[in-house]
Amino acid sequence: MNNQYYRRPWPNRQNNMPNMNLPNMNNMPNPANPRYNVNDKHEHDPYCIPHNIPNALNLIKEAVAGEKEDAAYYEYLASIAPSDYDKNIILSIRDDEKRHYALFRRIYYELTCEHLPESKDVEIEKPESYCDGVKTAIMDETAVVKKYREILYAMMCRSHINIVTGIITDEQRHADLFNFLYSRVECYEQEPDYEQEKPEMIEPCPPQKPCPPPEPCPPQKPCPPSKPCPPAKPPEVKPPEEKMPEYTEPDKKYRSKSEEKEFFPMRHFKG
C-alpha cells in the first residue's frame, strides 16, 4: 500500500470522553447575564436548560433562608425533647441543615459570582408541644424535596449535581427520622380520634300521633256439621279354585299285564 494515500486513524480524544454529550462548560454563558431572562415558551419549563436557571436561582435563595430557619427550629425542638436519645437525633439533623445552608450559598456564588447576605436574626414559630413540632418537621422535610428537584434540573456542573442530590437524600432521611421519633414517643395517641367524635345534635322530629287501634274482625260463621262417612265395605274374598289332580302314569316297569289291559285296552285288541 502506498503510504502517500494511507493515513493512520488517530482516535478522537473528545469523542472518547465519558461526558461527551454534556455541553462545554467553557462556552456556556454566565447565569448572571441578562440573556438568561428570556421570554419564550420555555421560560417556565423546569426541565429545559438554560431557561430554568433563573427559577433555580430564586429557589436557591429560598432554600438558603429555609435552611437557616430549620436549623433554629430544630435547635429549639431538641431543647424540649423528652430524652437524650431524641435530642441527639434532632441535633444531628440540625447540623445537616447548617451544612446545607453553606452548600447552597456556595452553589449560588459559583453560578452568579455574588454572595448572598447572611440572615443573623431568625424568628421561628414555636410549636405547642413536642409532638406538634415533630409533625410540622415531617411535613416541611417532605415538601422541600419538590423545590430542590427543580434546582437539580438546572444544574449543569457535575459537582453541583452531586451536591444537590446529596441534599435531597438528606432531606428524605430527615423525614424518616422524624417519623421514627413521632412513633417512638407515641404521639399518635395524643391526636384526637375523629372517628369517635359525635356529630352535631340534630333537632328531634316532632312526636308522631299514635296509630288508631285496628278494627276487630267480624265474627265468623260456624262451619256446618260434616256428614258421617259411609261404612267401608269389606273386601271381597274369592273362594279358592279347585284344581283337578294331574294324572300321573304309573311306572311301566312295575305294571302288570292285567293293569295294561285295564288302562290301555287298544294295545291288546286283536281285530
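Here Ala143 does not qualify as in a helix (DSSP H, G or I), over 36 Å from the mean Cα position of the chain (by Cα) and under 15 Å from Asp70 (Cα atoms). State yes or no: is Leu177 in a helix (DSSP H, G or I) and either more than 35 Å from the chain's Cα centre (by Cα) or small (Gly, Ala, Ser) (or both)? Judged against the criteria, Leu177 is not a match.
Would you call Pro46 closer than 22 Å to Ile168 by Cβ, over 34 Å from the mean Cα position of the chain (by Cα) and part of a loop (DSSP other than H, G, I, E, B)? No, not satisfied.
Residues of the stretch 92-139 that are part of a loop (DSSP other than H, G, I, E, B), over 17 Å from Ala65 (Cβ atoms) and touching a residue at least 60 places away in the same chain (Cβ under 8 Å): Cys113, Ser129. Once the stretch 61-91 is narrowed to residues that are in contact (Cβ under 8 Å) with a residue 24 or more places away in the chain and of a type in the set (Asp, Glu), the residue that is farthest from Tyr130 (Cα to Cα) is Glu62. Would you be able to say whether some residue in the stretch 144-162 is touching a Leu at 6+ places or on another chain (Cβ under 8 Å) and of a type in the set (Asp, Glu)? The answer is yes, given that some residue of the stretch 144-162 is touching a Leu at 6+ places or on another chain (Cβ under 8 Å) and of a type in the set (Asp, Glu).
Residue-wise test of (1) of a type in the set (D, E, K, R); (2) modelled with pLDDT of 95 or more.
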position	(1), (2)
Leu103	no, yes
Cys113	no, no
Lys120	yes, no
Glu128	yes, no
Cys131	no, no
Thr142	no, no
Lys147	yes, no
Ile167	no, yes
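Consider the stretch 70-91 and keep the residues that are of a type in the set (Ser, Thr, Tyr) and part of a helix (DSSP H, G or I). The one that is surrounded by the most Cβ atoms within 10 Å (Cβ to Cβ) is Tyr74.
The values are calculated or read from the model by the stated rules, or taken from the named source; none is laboratory data. On a predicted model such as this, the values are computed, not experimentally measured, just so you know. Ideal geometry is used to build each Cβ from the backbone, glycine not excepted, and the neighbour counts take in all protein chains shown.
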